[in-house]
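Take a look at the structure below.
The values are calculated or read from the model by the stated rules, or taken from the named source; none is laboratory data. Keep in mind that this is a model prediction, so the values were computed, not measured. Methodologically, a virtual Cβ is constructed for each residue, glycine included, from the backbone with ideal geometry; neighbour enumeration extends over all protein chains shown.
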Amino acid sequence: KQEVTQIPAALSVPEGENLVLNCSFTDSAIYNLQWFRQDPGKGLTSLLLIQSSQREQTSGRLNASLDKSSGRSTLYIAASQPGDSATYLCAVCKTDSWGKLQFGAGTQVVVTP
Amino acid sequence: GAVVSQHPSRVICKSGTSVKIECRSLDFQATTMFWYRQFPKKSLMLMATSNEGSKATYEQGVEKDKFLINHASLTLSTLTVTSAHPEDSSFYICSARIPLGTEAFFGQGTRLTVV
């Protein structure tokens, strides 16, 4: 059974620091991995999607890496801003259940001015 | 990206009543949609897979008679929480993927409170 773990559960950094969020999964038979942002009481905003054949994806200040063999993904957010404060979720799509996502519990990030 | 609209965003209902939540794909046809539930400070858990024109597939432990799913058209799936109880209070969110696409697009979610 696939298990997705996110460490740390919570993170507080001063503005300007880089953020490093970790996601690990137990079953490497994945189709892709997605990182999402969730603001309190809101839905999900997709940040980055990494296909299983890719090593990383970048969008602006965000960079996500994927090491499928070791079951790890890392989301880097450069030069953090207070507006980056949110919960960040990673989710994996297994190869035998295309479209279904298994989520980690998330990392709650607070960026202080 | 593709747009998925979920309605209502927030609903309060009395215990024993039923509540319907709609999930619409606005700019694409979604043969498959997914319904998730999120408990406070917990991860999202897949409840069921909604298939257009056929019965939904429920995950283990999800009561299909309590959580009725209907996917009557290529752009609309509905989740009905029947005879709601306070323990059904939660955040429900749907997702859809573009046919042959690889990315999941999510609705805004529905906060259900049963009093």
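A few points about this structure:
- Qualifying residues in region A:77-92 (those that are over 13 Å from the mean Cα position of the chain (by Cα) and either part of a loop (DSSP other than H, G, I, E, B) or closer than 29 Å to B:M33 by Cβ (or both)) - the one farthest from the other protein chains (Cβ to nearest Cβ): A:A79
- Qualifying strands (runs of 3 or more DSSP E) (wholly inside region B:2-41; at least 1 residues being aromatic (F, W, Y) and either modelled with pLDDT of 95 or more or under 21 Å from A:A86 (Cα atoms) (or both)): B:32-38
- For A:S12, the conditions (1) buried (at least 16 other Cβ atoms within 10 Å of the Cβ); (2) out of contact with any helix residue (DSSP H, G or I) (no Cβ under 8 Å at 6 or more places or on another chain); (3) away from chain B (no Cβ under 11 Å); (4) at pLDDT 95 or above are fulfilled apart from (1).
- Taken together, the residues in region A:22-50 that are closer than 25 Å to B:W35 by Cβ and part of a strand (DSSP E or B) amount to 18.
- Residues of region A:15-39 satisfying the condition of being within 11 Å of chain B (Cβ to nearest Cβ) and surrounded by fewer than 13 Cβ atoms within 10 Å (Cβ to Cβ): A:D39
- Residues within region B:61-80 that are under 18 Å from B:F39 (Cα atoms), within 14 Å of another protein chain (Cβ to nearest Cβ) and either of a type in the set (G, A, S) or in a strand (DSSP E or B) (or both), tallied: 1
- Test: residue in region B:25-34 that is within 13 Å of chain A (Cβ to nearest Cβ), of a type outside the set (V, I, T) and free of Cβ contacts under 8 Å to residues at least 60 places away in the same chain: no
- Residue in region B:70-78 that is closer than 30 Å to A:Q6 by Cα, surrounded by 14 or more Cβ atoms within 10 Å (Cβ to Cβ) and of a type in the set (A, V, I, L, M, F, W, C) present: no
- Odd one out for B:F105, checked against (1) more than 12 Å from chain A (Cβ to nearest Cβ); (2) surrounded by 17 or more Cβ atoms within 10 Å (Cβ to Cβ); (3) not β-branched (V, I, T): (1)
- Some residue of region B:70-90 being touching a Gly at 6+ places or on another chain (Cβ under 8 Å), within 21 Å of B:T31 (Cα to Cα), β-branched (V, I, T) and modelled with pLDDT of 90 or more: no
- Any pair with Cβ under 8 angstrom, 6 or more apart, that starts in region A:94-105 at a residue that is among the hydroxyl-bearing types (S, T, Y) and ends at one that is outside any loop (DSSP other than H, G, I, E, B): A:T95/A:I30; A:T95/A:Y31
- Of the residues in region A:57-72, at least one is crowded, with 17+ Cβ neighbours inside 10 Å, more than 14 Å from every other protein chain (Cβ to nearest Cβ) and in a loop (DSSP other than H, G, I, E, B).
- The single residue among B:S54, B:S83, B:S95 that is touching a residue at least 60 places away in the same chain (Cβ under 8 Å) and not in a strand (DSSP E or B) turns out to be B:S83.
- Residue check, B:M45 surrounded by fewer than 17 Cβ atoms within 10 Å (Cβ to Cβ), within 14 Å of another protein chain (Cβ to nearest Cβ) and outside any loop (DSSP other than H, G, I, E, B): yes
- Checking each residue in region B:57-80 for being closer than 19 Å to B:S9 by Cα and in contact (Cβ under 8 Å) with a residue 40 or more places away in the chain picks out B:T75, B:L76, B:S77, B:T78, B:L79, B:T80.
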